[in-house]
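Note sheet for the following structure.
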Amino acid sequence: LAAATQIPSQGAAVLRDRLEFVRKIAERYFTATCKAIREADPNHMILGCRFAGFAPPIWDIAGAHLDTVSVNYYGTVDLERGTTTDMPAAMARYHAQARRPLMITEWSFPALDAGLPCLHGAGQRVPTQKDKARAYAIYQTALFSMPYMVGSDYFMWVDQPPLGISSTFPEDSNYGLVDVNDRPWPELTATASKVNRRAVTL
C-alpha cells in the first residue's frame, strides 16, 4: 500500500482486506478504551459505543470487551397488525454475534400532525399523535419482550424546533415526549407510563 499509486476499489480480495482491517481497528479500539475505562472506573459496566443502527462484522469483537452492546435502531412498525417489522430480527442477529446483552439507545416515530416539518432525522413518520403512541407501545413492548435486551432509550425528551437545531444539523422533527414549550404530548406520555410499568413483567 505504501508504494501503490492506485488502490483497487472493487473485488473480493479488496473487500476481504477492508473487513480484516476494520476488525483489526475494532480490536485495538475496544482493547484500549475498555482497559482505560476499567482502570479509572472498575465498578461500572461498559455499555458500548452506540453503533448507529449498523456496524460492520465486529459485533463479536465488541461483545468480547463490553458488558452490554448498545445500538441505535430506528425500525418500523405495522400499525394495522400491531407488530414491529425489522427490529426483532436485527436485534437477534446482533445478539447472536455479540453474545452479550443489548441496549437500544435511540428509536422514535415522529408524527406529522405536530406542526413541525419532520423533514430531517431518522425514524418512520406516522400520521398522528395517536399513531405515534401506538407505535411507541408496539416497539417498546417488543423490546421489553426480548430476554437479552437490558435497556431502551427513547429519542427524545423534547421536540426539535421548526427551523432545525442548527444550520449544520437541521433536524426539525416531532420526536419529543414534550413539545418545544415543554408541554407533554398526552397520548404519548400516557402510553409510555402505561407500557413502561410492564417492563419487568414482560
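The values are calculated or read from the model by the stated rules, or taken from the named source; none is laboratory data. Worth saying up front: this structure is predicted, and the values here are computed from it rather than measured. FYI the Cβ positions are ideal-geometry reconstructions off the backbone, even for glycines, and counts take in every protein chain you see. Just so you know, the surface numbers come from the protein's heavy atoms only, side chains and all, with ligands and any DNA or RNA stripped out. Shrake-Rupley method; radii C 1.70, N 1.55, O 1.52, S 1.80 Å.
Among residues belonging to region 126-147 that are closer than 12 Å to Leu112 by Cβ and free of Cβ contacts under 8 Å to residues at least 40 places away in the same chain, point out the one that is least open to solvent (accessible area, probe 1.4 Å). Per the stated criteria, the residue is Thr128.
Does region 25-44 hold any residues that are in contact (Cβ under 8 Å) with a residue 24 or more places away in the chain and hydrophobic (A, V, I, L, M, F, W, C), and which are they? Within region 25-44, Ala26, Phe30, Cys34 meet the criteria.
Quick one: what pairs do we get from region 165-181, first residue under 15 Å from Ser108 (Cα atoms), second open to solvent by 90 Å² or more (accessible area, probe 1.4 Å) and among the small types (Gly, Ala, Ser), C-beta under 8 Å, 6+ apart or different chains? That search, which allows pairs on different chains as well, returns nothing. Could you check region 1-24 and list, in sequence order, the residues that are of a type in the set (Val, Ile, Thr) and either open to solvent by 90 Å² or more (accessible area, probe 1.4 Å) or in contact with a helix residue (DSSP H, G or I) (Cβ under 9 Å, 6 or more places away or on another chain) (or both)? Thr5, Ile7, listed by residue number. Looking only at residues in region 171-192 that are out of contact with any helix residue (DSSP H, G or I) (no Cβ under 9 Å at 6 or more places or on another chain) and open to solvent by less than 50 Å² (accessible area, probe 1.4 Å), which one is nearest to Met103 (Cα to Cα)? Result: Tyr175. Screening region 49-77 for residues that are part of a helix (DSSP H, G or I) and in contact with a Phe, Trp or Tyr (Cβ under 8 Å, 6 or more places away or on another chain) and picking the one that is most open to solvent (accessible area, probe 1.4 Å) gives Ala64. For Glu80, indicate whether it is part of a helix (DSSP H, G or I), over 18 Å from the mean Cα position of the chain (by Cα) and at pLDDT 95 or above. Answer is no for this residue.
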